[in-house]
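Some notes on the structure that comes next.
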Amino acid sequence: MTATPAPAVPPTVVAGTAHLFGLVEGDDASRALLQEAWDAGVRRFDTAPSYGGGRTEAELGAFLAGREGVQVVATKVGLAPALGTRGGGRQLVRVARAVLPEAVTRRLRKASQERSRGRFDPAAVQESLAESLRRLGGRIDRYLLHEVQPAEVTPELVAVLRRAVQAGDVGAVGVATQVELTAAAVERGEGVLTVAQYAAGPLDPPVHLPPTVTTRVGHGLLGAGGGALRQLGDRLREDPAAAQRWRAAVAGTGYDAEDGLARALLARRPEGVDEVVLATSRPGRLAGAVAAVAAGPAPQAVQDALAALATPRA
Ligand SMILES: NC(=O)c1ccc[n+]([C@@H]2O[C@H](COP(=O)([O-])OP(=O)(O)OC[C@H]3O[C@@H](n4cnc5c(N)ncnc54)[C@H](OP(=O)(O)O)[C@@H]3O)[C@@H](O)[C@H]2O)c1
């Protein structure tokens, strides 16, 4: 990770919903987390037909119905709900998790996700778009190709997306795929793909996008599932020299509290990113994360220490 000059304006927060109505136990708990985001001032929401076994879009649509001031509703196409995120499948997965080793359930989940991918033929996209519009009450500001491979961005697909924008069915279209594939996918989009959403954590590579991309959205500021936060935390525990440098850098900055590492990561302002997607399943946590994004960037010494922590040991 390299320390780059931080943009003066903090990125706008988008509420992520991948964990809602599925991974979070209980629909009321998911609805309460949406309400927390709203109460924290978040007016942008990111969802997908694959989230919550297909239910999250409809729940988000119901949550936002009649609310004033919604700024962005982003959803996606191309990824169907994975096995075990839908209805009775969830129960099955719970049982499998209880009896099978974690490595096996992880492999099964990955295989199921692989089978759910790549639904980008024009007819399937049109059908998915009509369903998403229905579930989201007719409003889609951003329509993103979910986990798309560059080769899947065909002229036929681009034509469908261009028509959807021209018809006013969606505000803008773009990609939400793996960080390494993002630029190549956008480049095949004939200038139509103006939104790019990608992982922008401390361990992710920088992304260089053509100027036709006007909106860059970063997720995974703490790493997917908080993985980068855990990895850097482990480094602090296992590498005394790194821990000492970190402590010296954060002393007296406000980032020396117990949650200082998480807050410093949330304050990072990845280069070029206009918006950041945040998600938590823990009640009461989101407002602090939103405040950490707004408070950034951390003092330069903290940013440098973070960059050093994210650099693999020689
Ligand atoms: N291809 C795509 O389009 C794509 C891919 C990935 C994500 N997304 C979007 O981005 C959203 C967020 O995904 P993500 O990858 O950034 O995150 P994520 O996978 O949802 O993981 C966030 C992790 O950070 C932890 N966390 C959150 N706030 C924290 C805090 N203040 N302190 C410590 N830990 C904290 C959470 O734990 P707790 O739950 O315990 O708080 C969770 O483990 C998704 O919901 C989805 O909307 C899109």
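Counting only residues that are more than 11 Å from the ligand (Cβ to nearest atom) and within 17 Å of the chain's Cα centre (by Cα), which one in the range 38-52 is nearest to Q126 (Cα to Cα)?
If we take residues in the range 38-52 being more than 11 Å from the ligand (Cβ to nearest atom) and within 17 Å of the chain's Cα centre (by Cα), then P49 is nearest to Q126 (Cα to Cα).
Does the range 53-67 hold any residues that are away from the ligand (no atom under 16 Å from the Cβ) and assigned to a helix (DSSP H, G or I), and which are they?
A62, the sole residue that qualifies.
Answer yes or no: is there a residue in the range 23-40 that is in a loop (DSSP other than H, G, I, E, B), over 18 Å from R285 (Cβ atoms) and at pLDDT below 95. Spell out the reasoning first.
Keep residues of the range 23-40 that are in a loop (DSSP other than H, G, I, E, B), which gives 23-26, 40.
The next check asks that each one be over 18 Å from R285 (Cβ atoms); those that pass are none.
No: zero hits.
Do we find a residue being within 13 Å of the ligand (Cβ to nearest atom) and surrounded by 14 or more Cβ atoms within 10 Å (Cβ to Cβ) anywhere in the range 158-172?
No, the range 158-172 has no match at all.
Of all residues in the range 217-237, count the ones that are closer than 16 Å to H19 by Cα and more than 9 Å from the ligand (Cβ to nearest atom).
0
Of the conditions (1) of a type in the set (G, A, S); (2) away from the ligand (no atom under 13 Å from the Cβ); (3) free of Cβ contacts under 8 Å to residues at least 60 places away in the same chain; (4) touching a helix residue (DSSP H, G or I) at 6+ places or on another chain (Cβ under 9 Å), A242 fails just one. Which one is it?
Result: A242 passes all but (3).
Return the total of residues in the range 252-266 being within 11 Å of the ligand (Cβ to nearest atom), in contact (Cβ under 8 Å) with a residue 24 or more places away in the chain and in a loop (DSSP other than H, G, I, E, B).
1
Would you be able to say whether some residue in the range 177-193 is part of a loop (DSSP other than H, G, I, E, B), within 14 Å of the ligand (Cβ to nearest atom) and surrounded by 17 or more Cβ atoms within 10 Å (Cβ to Cβ)?
yes
Here is a yes/no grid of residues against (1) assigned to a strand (DSSP E or B); (2) touching a Lys or Arg at 6+ places or on another chain (Cβ under 8 Å); (3) modelled with pLDDT of 75 or more; (4) not assigned by the TED database to the domain that holds A183:
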residue: G69; (1), (2), (3), (4): no, yes, yes, no
residue: A74; (1), (2), (3), (4): yes, yes, yes, no
residue: V104; (1), (2), (3), (4): no, no, no, yes
residue: I140; (1), (2), (3), (4): no, no, yes, no
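Given the options A248, A308, name the one that is over 26 Å from T215 (Cα atoms), more than 10 Å from the ligand (Cβ to nearest atom) and modelled with pLDDT under 95.
It is A308.
Out of all the residues in the range 289-307, which are assigned to a helix (DSSP H, G or I), in contact with a Lys or Arg (Cβ under 8 Å, 6 or more places away or on another chain) and under 11 Å from R268 (Cα atoms)?
Of everything in the range 289-307, those that are assigned to a helix (DSSP H, G or I), in contact with a Lys or Arg (Cβ under 8 Å, 6 or more places away or on another chain) and under 11 Å from R268 (Cα atoms) turn out to be A292, A295, Q303, L306.
In the range 268-288, which residues are more than 14 Å from the chain's Cα centre (by Cα), within 11 Å of the ligand (Cβ to nearest atom) and either within 15 Å of G201 (Cα to Cα) or part of a helix (DSSP H, G or I) (or both)?
Result: L286, A287, G288.
Taking the criterion of being away from the ligand (no atom under 13 Å from the Cβ), more than 21 Å from the chain's Cα centre (by Cα) and closer than 30 Å to R142 by Cβ, would at least one residue in the range 295-304 satisfy it?
Yes: one or more hits.
Quick test for you: out of A3, A82, A111, A48, pick the one residue that is modelled with pLDDT under 75 and buried (at least 18 other Cβ atoms within 10 Å of the Cβ). Steps first, please.
Working: A3 fails: buried (at least 18 other Cβ atoms within 10 Å of the Cβ); A111 fails: buried (at least 18 other Cβ atoms within 10 Å of the Cβ); A48 fails: modelled with pLDDT under 75.
Going through A3, A82, A111, A48 in turn, just one is modelled with pLDDT under 75 and buried (at least 18 other Cβ atoms within 10 Å of the Cβ): A82.
Regarding R135, is this residue of a type in the set (K, R), assigned by the TED database to the domain that holds A48 and under 24 Å from T214 (Cβ atoms)? Before you say what the answer is, go through the steps one by one.
Values: of a type in the set (K, R): yes; assigned by the TED database to the domain that holds A48: yes; under 24 Å from T214 (Cβ atoms): no.
No, not satisfied.
Within the range 144-154, is even one residue more than 16 Å from the ligand (Cβ to nearest atom) and of a type outside the set (K, R)? Before the answer, list the steps.
First, pick out the residues of the range 144-154 that are more than 16 Å from the ligand (Cβ to nearest atom): 151, 154.
Within this subset, residues satisfying the condition of being of a type outside the set (K, R) are 151, 154.
Looking through the range 144-154, at least one residue is more than 16 Å from the ligand (Cβ to nearest atom) and of a type outside the set (K, R).
The values are calculated or read from the model by the stated rules, or taken from the named source; none is laboratory data. Computed from a prediction, not measured in an experiment: that's the story for all the values here. Heads up, the Cβs are rebuilt from the backbone with ideal geometry, glycines too, and the neighbour counts pull from every protein chain shown.
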